[in-house]
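Some notes on the structure that comes next.
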Amino acid sequence: MRAVVQNDKNGMLDGVLNGVLKRAGARGGIVALAVAAGVSGCSGPGPDSGARPAPGQQILHAPPARALDSYATRLKADRAALAAAAVHWGLTGVPLMPPAPPARKPRITARAGFEVDGQVEDHLPPVFTTIPTRQKVVFLTIDDGAEKDPAFLRMMSDLKVPYTAFLSNYLIKDDYAYFRKMQAEGVTLNNHTLHHPYLPGLSYEEQKDEICGMQEVMKKRFGQAPTVFRPPYGNYNGDTLRAAKSCGIKYAPIWDEEVFVDHWEYREDDKSLHPGDIVLTHFRGREDWDGTMVDDMRRFLDKVTREGYAVARLEDYL
């Protein structure tokens, strides 16, 4: 068995809104053109044409113009609200919308070099740093739960940015309610052990207690035990993955980049983002960083948006 150690803001508003509304209007035009095509005959024979659709086909009817107007209005309002939120939170651009979740989930395997003995034969949870996809998406993951900043919750809700939390009980037990608010916003809460120990230094049973114990806490406090687990510090060995599997864990993602309030760190030599990369940050505030979680998220979102990436929900790909 071997352990794998990982190293861990009123002129702008007008401009942003105009750009957003133009894009929304263009999309509305595309929809209208599609409907016009249907009315002109692309949708199939009309009821008085004397022709019947082939067996198994349905006659398609163009939606009422009122429905299109409602859709376009709603789209413009949503994008305008997002643009306003980007200004409010001091972003340099409006976060990009992620694509729809894949209809067919990608096959997740252990990253090469990150396997343990018996990885395949024992069907152990894979350790990986990137989701296999060609889409320009990245996945935001936040570890431990030390800082409980209400402004962070408001920011992420306003901007509708998905993220995944990996929690350790000793840091969240003083305020489970904070994380229930997060969960109510659609955030998935995952396992990061009870006490955040260096797992390879523990016996199999001790590791199992840390992981399964946190599963029990998650079920009691948040209604369900997760199937996703991140080993503290990104450190693990064969016993870690076997213990995790016995506790109901199916995946053990770590990360490819880590963002701090004042800089980024990279696993790859090219020091770049790649489609499907998992990005790590932590629940931290001024006691640990020269800034807040809002500052941290601003740095993260500005970079990924500037480089053409959207933030997607990790669980949609697992």
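Details
- Subset of the stretch 300-318 [surrounded by fewer than 18 Cβ atoms within 10 Å (Cβ to Cβ), basic (K, R) and in contact with a strand residue (DSSP E or B) (Cβ under 9 Å, 6 or more places away or on another chain)]: K303
- Any pair with Cβ under 8 angstrom, 6 or more apart, that starts in the stretch 77-89 at a residue that is farther than 18 Å from R154 by Cβ and aliphatic (A, V, I, L, M) and ends at one that is open to solvent by 30 Å² or more (accessible area, probe 1.4 Å) and assigned to a helix (DSSP H, G or I): A80/L17; A80/L21
- Scoring L241 on the criteria (1) in a strand (DSSP E or B); (2) farther than 26 Å from Y178 by Cβ leaves a single failure, condition (1).
- Only one entry in F229, F222, F260 is buried (at least 20 other Cβ atoms within 10 Å of the Cβ), in contact with a strand residue (DSSP E or B) (Cβ under 8 Å, 6 or more places away or on another chain) and of a type in the set (F, W, Y), namely F229.
- Screening T292 with (1) β-branched (V, I, T); (2) farther than 28 Å from T92 by Cα; (3) open to solvent by 30 Å² or more (accessible area, probe 1.4 Å) gives one miss only, at (2).
The values are calculated or read from the model by the stated rules, or taken from the named source; none is laboratory data. Computed from a prediction, not measured in an experiment: that's the story for all the values here. Note that each Cβ is placed from the backbone with ideal geometry, even for glycine, and that neighbours are counted across all protein chains shown. Accessible surface areas use protein heavy atoms only, side chains included; no ligands, DNA or RNA. Shrake-Rupley method; radii C 1.70, N 1.55, O 1.52, S 1.80 Å.
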